[in-house]
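Input: a single structure, listed below in structure tokens.
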Amino acid sequence: MHIKIFSRIGSGLGERVFSPISGMVLILALMLGACGDKEPAAPVAGPAATGVQAGTSAEVVAGAQPSNAVIPATVPELLSNASAAFSQDRLVAPEGDNAIEYYLAVLNQEKDNVQATQGLVDLFPLGVSIAEKEIGARNVGEAARIVGLLDESSPGSYTVQKLKSRLAAAQNLIQREEERRLAADEAQLAAQTRAQTAAADAVTASTTQSQPASASSTTQREPRPAATAVTEAAPPPVSQPTSTTPSRPAGDTRDAKVVRQVQPGYPQLAYRRRLTGWVEIRFNVATDGRVSNVEVTRADPPRMFDREAIRAVEQWMFEPALRDGQPVQSTLSRRIEFKYPG
């Protein structure tokens, strides 16, 4: 059996004859050609939602993290994500998933995009307010990241330059306070060492003075003449053992006292809704005066002010509690009020 294939060549009709095997090969080739070579479409990457903790970015003075941490996406997707972040109060945080970074990513692709440009103009005063609160709360890492975003969205802005100056001043103040705290710790340790050395020297001197007195008393009793009547000899006096362990000096006993109290920031969502409330916090004060294990025990409204309250208390400093003059760890509770500033 043969397959006849007619094809028009030039102006004439040509006839070709194929064997069954070659005909089968030709049919398969035609079927594959009809299907075509199609490559699978590459998936479009969505925006990042990294949720990085506030306060970990580099300082503005040394260079902040770039806003291009957002995973590249199309302009419509970035604009949609920016609108969603704005409505959910994610204006400048978390890093990589906030409105200002989405708008900056749009301008990286379309530098004249009107919606992104106007969005950054609307966000600028809100971002300045948030940066000022972070600087006031001494969250210099988070403040540096936000100031970097503002600088990128409005290069050369006088307001941003003022924020950079305030941030640098806050960083210098924190560094000086840390140096003073370390110097005070070293002085306190040296004073304790001197007190322990003086107490040990006093005990040693007291022990040395008591030993010759006992020997002299024994020597004077030996030549005494015997009595005429037989009496029961009295046992020699038993000297009390002298302890070589220095006694623990008595000192003050008092509770921990706060020496630095950072005021919490006011959440943007609560500010917009004109909300007030309070948070009850429990935490530990270590022997060096630092705060740890901060937790919320009660709050009204729940979870609205928790994060700002915890972040503020973690920066407090105390004079540690004393027991007999020695610093000890203690547990304290505080209630923080949030009143609408308007």
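Key figures
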item: Looking only at region 293-314, and only at residues there that are without any contact (Cβ under 8 Å) to a residue 24 or more places away in the chain and more than 19 Å from the chain's Cα centre (by Cα), the one that is nearest to Ser333 (Cα to Cα); result: Arg298
item: Scope region 142-164; condition under 13 Å from Leu126 (Cα atoms) and open to solvent by 50 Å² or more (accessible area, probe 1.4 Å); matching residues; result: Thr159
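The values are calculated or read from the model by the stated rules, or taken from the named source; none is laboratory data. Note that the structure is a prediction, hence the values are computed from the model and not measured. Cβ coordinates were reconstructed from backbone atoms using ideal geometry, including for glycine residues, and neighbour counts include every protein chain displayed. Ligands, DNA and RNA are stripped out before the accessible areas are found, and what is left, the full protein with its side chains, is counted by its heavy atoms. Shrake-Rupley method; radii C 1.70, N 1.55, O 1.52, S 1.80 Å.
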